Amino acid sequence: MKNTAHYLKVLLFFSAAMLFLTGCPADSLSKANKKFGNDTDYFIGLKKLQDNQEQQARAYFIKCRRKGSYYCARRSAEILTTIGDYSQRAKACRCLLQKFPDSDSLLICAKEFYSVKDYEEVINLTEQIDFSNESNELILLRLHSLQATASPNLNKEVFLWFTKKPVSETHYQFFRDEYTLNEEERQTNEYNTIRFLINVYKRDYKSASSQIDNLKEFLKTTRQDFFPLIASSIGKTFLYSDVNYIKNAEKAFNLAQEFKQTPAEFYFWFYAGRLYDKAEFYKNQSADCFENAIRTAPSPSAVDNALWYLLTSKLSYAVDSIIANLDKYARLWSDAEYFDDFFESLISTLLISGKWNSLYTVYTKIDGYASDETVAKFAYVYARLLQEGYATSNDLQNNIKAAFERTCQSGTNQYYKIMAAYHLNLSAKETLEILKDPPAIRKAYATSHTNHSDTAAENLLKGYAYFGFPEKIYPEWLKLYKDKISYETSMYLSKFLQRCGDDDNSYYSQSLRIASRAANLSEQRLSSDDLKAVYPQNFKDYVDKSSSLYGVSPEILYALIRSESFFDPNIISSAGAVGLTQLMEFTGSDIARKLKMQEYSLTDAETNIKFGSLYLSELIRRCNNSILTAFFSYNAGISRVRRWQQTTIKEFGKKQNMPGDLFLETIPFAETREYGRKLVSASVIYKLLYEQDLSDSTLFAQTVQKLVY
């Protein structure tokens, strides 16, 4: 059933929009012009085009191209390249390139000229393109045009393409199906290099390995700007061609010295480090190679990559060394978030090895260097270890309180805020205020983001809403939101799409994605309405019905659906999980038999919620009514979770179950750990947001206890 009130609002809105666009009453046109100025012509043009009134549409688009603000004028110019006769489209292409000279315009025009076999025009347009940065689609149009005109430059430019951009499926299909050479051309170093890169792409490392000696000689005589991609591919070949890691590590080591002070040096040190790491008893050599890679890295991202491998390698044999040198390492990285997964592994390693006091050392050393999420995580786990008596401190209560308070300042991960608030004995109201508060880590970015929004970009997106084109909002927003769209406008668009979702539920997930990203980038406090846009109650009738049937609280079902599918009923995962609660077909079939349903569809929202609710309720029962354990089991399987529980109990010297939050941190699968965090935090937020009365002092504590402990 649809939400009737919302449905009527949307219906009335679109009726008014259609009346305006078809009849254009003077007062409506006046209001639109007052609101959108010359951009109004773009939206009227869209409607005319929708109604197959192409000539009238062209007239409006031409007016907007001339007088509209940047984005509406640009979209008008782009549409004009697709309508009218060829001479009109060609003229529109030249106008687009003149007024908006960039790669996007170039691709639009190249595609248009190529479609009518004007290959010379395509070649002229793309003469100055940079093969390192342009899209494969544009480069391929150029190469096809060179082929069609039998240009002598074709082989040279194909080589540029293969050595300037990472080889992709587009490269491979071109090489396999379209690139024909005579026997003499096949004997060149350039062709052999391309063949080597194709072999690496296909993971035919045995064939690639046989080509390396000849390739090395070619590298000595060719341009150095080809080195990075080729050197990296040689390193991959050493790594994956066979299991003789020491021999291949020595080859990479020797190449690093042979190509000293060239762009290739970093890659050979890097792969030598990875190869030595795979061989027993060569960990020190591996560390030395990674250190050399860091020293010769061509970019900050390359430093981060080599440092990540160095730290991850040392996790298996030198944890104390990592901790002792964290100050040095922290000053080297540039992207703190790149190391989040390393620190996630480090927590598990320290917990399992009983180095509980070391969490405090790490927590204090990385504060200000690691991501705010990572610091909060270490602070929380350390405080919990103090509470449970695993870690020790001379100032126990103050250290516990300080660590939990630091956790409450974390970034976008609401789980640790919620858990810290629980242990600080905060009320439901106090916790909700913390959840609305933006993390300081975002403020530098968010300030520039919100203060420099682009009026023209916002006009385009708001116009789509005002004139009744909701299908255009999300794709356009994705292109523009990072530095063009204010938080307020993003939330306005999210709530508009939310209303549209009551009529067409494909808009629910788009609304949620906009709200979530906008909230994560905002520096301002969220209102309750904004937080509800991030945690919406879509499909409420179905959730309430299934909750009542199977005894699973509504907030838990909303959390499950939000985390699994972002409220997209038609989504199918790469593993084959279907619909809102992401059920596998065999699970759905089993539930259907229990419910004696012979016909069903997992993409039907009501059915999927019903099946997912029953499945989760059974897991909760089988997990001794532990909701957190059921969450883990929903993600990873109940048998696996039980094995993890037994292992953790033994490692901690316990005789009975660990507290749920500490058990979570020891789970060996990062995906399952994060899944548990997401469902706990979303369940709590739903409970607090939609609870009618937050005055009950025990509401928040009881909710967390029910979920976690």
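The values are calculated or read from the model by the stated rules, or taken from the named source; none is laboratory data. Keep in mind that this is a model prediction, so the values were computed, not measured. Don't worry about glycine lacking a Cβ; one is built from the backbone with ideal geometry, like all the others, and counts go over all protein chains shown. For the accessible areas, the whole protein counts, side chains as well, though only heavy atoms, and no ligand, DNA or RNA atoms are used. Shrake-Rupley method; radii C 1.70, N 1.55, O 1.52, S 1.80 Å.
Counting only helices (runs of 4 or more DSSP H) wholly contained in the stretch 53-134, the ones carrying 3 or more residues that are modelled with pLDDT of 95 or more and crowded, with 21+ Cβ neighbours inside 10 Å occupy 54-67, 70-80, 86-99, 103-115. Considering every residue within the stretch 699-706, establish whether at least one is surrounded by fewer than 22 Cβ atoms within 10 Å (Cβ to Cβ) and in contact with an Asp or Glu (Cβ under 7 Å, 6 or more places away or on another chain). Within the stretch 699-706 (the criterion being surrounded by fewer than 22 Cβ atoms within 10 Å (Cβ to Cβ) and in contact with an Asp or Glu (Cβ under 7 Å, 6 or more places away or on another chain)), the answer is yes, since at least one residue qualifies.
From the list LYS495, LYS532, LYS472, exactly one residue is over 27 Å from GLU555 (Cα atoms) and of a type in the set (D, E, K, R). Which is it? Being over 27 Å from GLU555 (Cα atoms) and of a type in the set (D, E, K, R) holds for just one of LYS495, LYS532, LYS472, which is LYS472. GLU523 satisfies every condition listed in (1) crowded, with 22+ Cβ neighbours inside 10 Å; (2) modelled with pLDDT under 95 except (1).
Note on the stretch 564-588: residues that are in a helix (DSSP H, G or I), open to solvent by 40 Å² or more (accessible area, probe 1.4 Å) and within 17 Å of SER617 (Cα to Cα) amount to 1. Among the candidates ASP340, ASP320, the residue that is open to solvent by 70 Å² or more (accessible area, probe 1.4 Å) and of a type outside the set (A, V, I, L, M) is uniquely ASP320.
Among the residues of the stretch 620-664, the one identified as buried (at least 22 other Cβ atoms within 10 Å of the Cβ) and charged (D, E, K, R) is ASP661.
Could you tell me whether THR607 is over 26 Å from the mean Cα position of the chain (by Cα) and among the β-branched types (Val, Ile, Thr)? The answer is yes for THR607. In contact with a Cys (Cβ under 6 Å, 6 or more places away or on another chain) and not aliphatic (A, V, I, L, M): is that true of THR607 in this structure? For THR607, the condition - in contact with a Cys (Cβ under 6 Å, 6 or more places away or on another chain) and not aliphatic (A, V, I, L, M) - is not met. Residues in the stretch 488-517 that are modelled with pLDDT under 95 and surrounded by 20 or more Cβ atoms within 10 Å (Cβ to Cβ): ASP502 only. Figure legend. Inter-residue proximity from the stretch 595-614: first residues more than 17 Å from ASP544 (Cβ to Cβ), second residues of a type in the set (S, T, N, Q), beta-carbon distance below 7 Å, spacing 6+ or different chains. Indicated pairs: TYR600/THR607; SER601/THR607; LEU602/ASN608; THR603/ASN570. Among the residues of the stretch 238-278, the one identified as over 15 Å from GLU291 (Cα atoms), within 29 Å of the chain's Cα centre (by Cα) and open to solvent by less than 70 Å² (accessible area, probe 1.4 Å) is LEU239.
Of all residues assigned to the stretch 396-408, at least one qualifies as being outside any helix (DSSP H, G or I), free of Cβ contacts under 8 Å to residues at least 40 places away in the same chain and open to solvent by 10 Å² or more (accessible area, probe 1.4 Å).
Checking each residue in the stretch 508-562 for being assigned to a loop (DSSP other than H, G, I, E, B), closer than 25 Å to GLY676 by Cβ and touching a Phe, Trp or Tyr at 6+ places or on another chain (Cβ under 8 Å) picks out TYR535, PRO536, GLN537, ASN538, PHE539. If you go through the stretch 147-179 and keep only what is in contact with a helix residue (DSSP H, G or I) (Cβ under 7 Å, 6 or more places away or on another chain), more than 19 Å from VAL122 (Cβ to Cβ) and exposed (fewer than 15 other Cβ atoms within 10 Å of the Cβ), you end up with PRO166, SER168, TYR172.
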